Amino acid sequence: MLYEGKTKIVEIRGDEAIVRFKNDITAGDGAKHDIFEGKGSICAELTAITMGYLNRQSIPTHFLDFYPPNTLKVVALRMFPLEVVVRFVKTGSFIRRYGGVEGESFSRPVVEFFIKDDARHDPMVCINHLETLGIASKEQAREMSDTAIRAAELLRGFFQRAGFDLWDIKFEFGLDGNGNVIIGDEISPDTCRLRRKEEIFDKDVYRHDIADPIERYKEVLEACRSIVSQ
C-alpha cells in the first residue's frame with residue numbers, strides 16, 4: 001500500500017513501513033508550496049536523530065532505521081488525524097487567537113489538539129471533542145498529551161545542547177499493531193520552532209520569506225550531528 005502526502009511517500013509493508021522524504025515544503029495549509037533540493041534528506045536525518053534519541057529515553061516512536069539520504073524504516077501505524085502541539089512560549093497562532101507578547105514564556109507547557117483538515121484550517125479541539133467525534137478516546141488523548149509533554153521537554157534539552165531554543169513542537173501519533181499509542185510522522189524544523197537569539201531556524205523562515213530555509217535547516221542538522229557524536 002502506497003500513500004503520498006505533501007512532503008512524504010509512505011509504503012506499508014506489513015507491520016513496518018518505508019517513508020521517503022520529498023524535497024517539498026509547504027505553508028498556509030498547502031497554499032504556499034516550493035521544492036528545495038536536499039530538503040528531504042535533511043528532514044529525514046533529523047527525524048532519525050531526534051526520534052532515535054527519544055527511543056533511547058524510553059519515549060516510543062515509530063522510528064526503526066535510517067537509510068541515507070532520505071528514507072526511514074518505521075513501525076506501521078494507524079494514525080490519528082491530529083496534530084498535538086506543545087508550546088513553551090507565546091508565538092504563531094497562539095498570539096493570533098489570544099494575543100500576547102512574541103516569545104513570552106508560559107509558566108508551564110501548553111498542549112493543544114488540532115484536527116488535520118486543511119479545508120477547515122486545522123480546527124483546534126478539546127479532549128471531549130475527540131471522543132465525541134470518534135477520533136480518540138479520553139484515555140488515548142491523555143496519553144498523547146502526557147507523552148507529548150515528556151518528549152517536548154526532552155527535546156528542549158537536546159536542542160539546547162545544540163545551541164537552539166525550542167519554542168514549540170508538533171507531534172503526530174498513531175496506534176501500532178498492539179494498540180500502543182506512539183509518536184509517528186517526523187521531527188524536524190518543519191514541525192517545531194527553533195530559535196537562536198534573534199535568528200529563526202524553522203519553517204517560519206519559509207513562511208515569512210526571511211532567508212533560505214535549506215541553509216538554516218542545514219545548520220540545525222550539523223549542530224544535532226555534533227550532539228550525537230559526543
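Taken over segment 103-119, residues that are of a type in the set (Lys, Arg) and assigned to a strand (DSSP E or B) amount to 1. When we screen ARG142, ARG195 for residues that are surrounded by 16 or more Cβ atoms within 10 Å (Cβ to Cβ), more than 16 Å from MET51 (Cα to Cα) and outside the structural domain of ALA27 (by TED's automatic domain parsing), the only hit is ARG195. If you scan segment 74-90, which residues turn out to be surrounded by fewer than 16 Cβ atoms within 10 Å (Cβ to Cβ) and farther than 12 Å from PHE171 by Cα? Listed by number, the list holds a single entry, ARG78.
Scanning segment 198-230 for residues that are crowded, with 18+ Cβ neighbours inside 10 Å and either aromatic (Phe, Trp, Tyr) or more than 30 Å from ASP65 (Cβ to Cβ) (or both) turns up ILE200, PHE201, ASP204, TYR206, TYR217.
With the condition being among the β-branched types (Val, Ile, Thr), I'd like the strands (runs of 3 or more DSSP E) fully within segment 1-102 carrying at least 3 qualifying residues. Walk me through how you get there before you give the answer.
Values: elements: 2-4, 8-13, 16-21, 24-27, 32-35, 63-67, 71-75, 82-89.
Fully inside segment 1-102 and qualifying: 8-13, 71-75, 82-89.
Of all residues in segment 10-38, those that are free of Cβ contacts under 8 Å to residues at least 24 places away in the same chain and within 17 Å of GLU215 (Cβ to Cβ) have Cβ atoms under 9 Å from Cβ atoms of residues that are of a type in the set (S, T, N, Q) and outside any loop (DSSP other than H, G, I, E, B), 6 or more apart or on another chain, in ASN23/SER41.
With respect to the conditions (1) out of contact with any helix residue (DSSP H, G or I) (no Cβ under 7 Å at 6 or more places or on another chain); (2) among the hydrophobic types (A, V, I, L, M, F, W, C); (3) buried (at least 18 other Cβ atoms within 10 Å of the Cβ), ILE49 falls short on a single one, namely (1). Looking across ASP146, ASP122, one residue alone is acidic (Asp, Glu) and either touching a Leu at 6+ places or on another chain (Cβ under 7 Å) or assigned to a loop (DSSP other than H, G, I, E, B) (or both). It is ASP122.
The values are calculated or read from the model by the stated rules, or taken from the named source; none is laboratory data. What you are looking at is a predicted structure, and each value in this text was computed from that prediction instead of being measured. Positions of Cβ are backbone-derived with ideal geometry, glycine not excepted, and every protein chain shown enters the neighbour counts.
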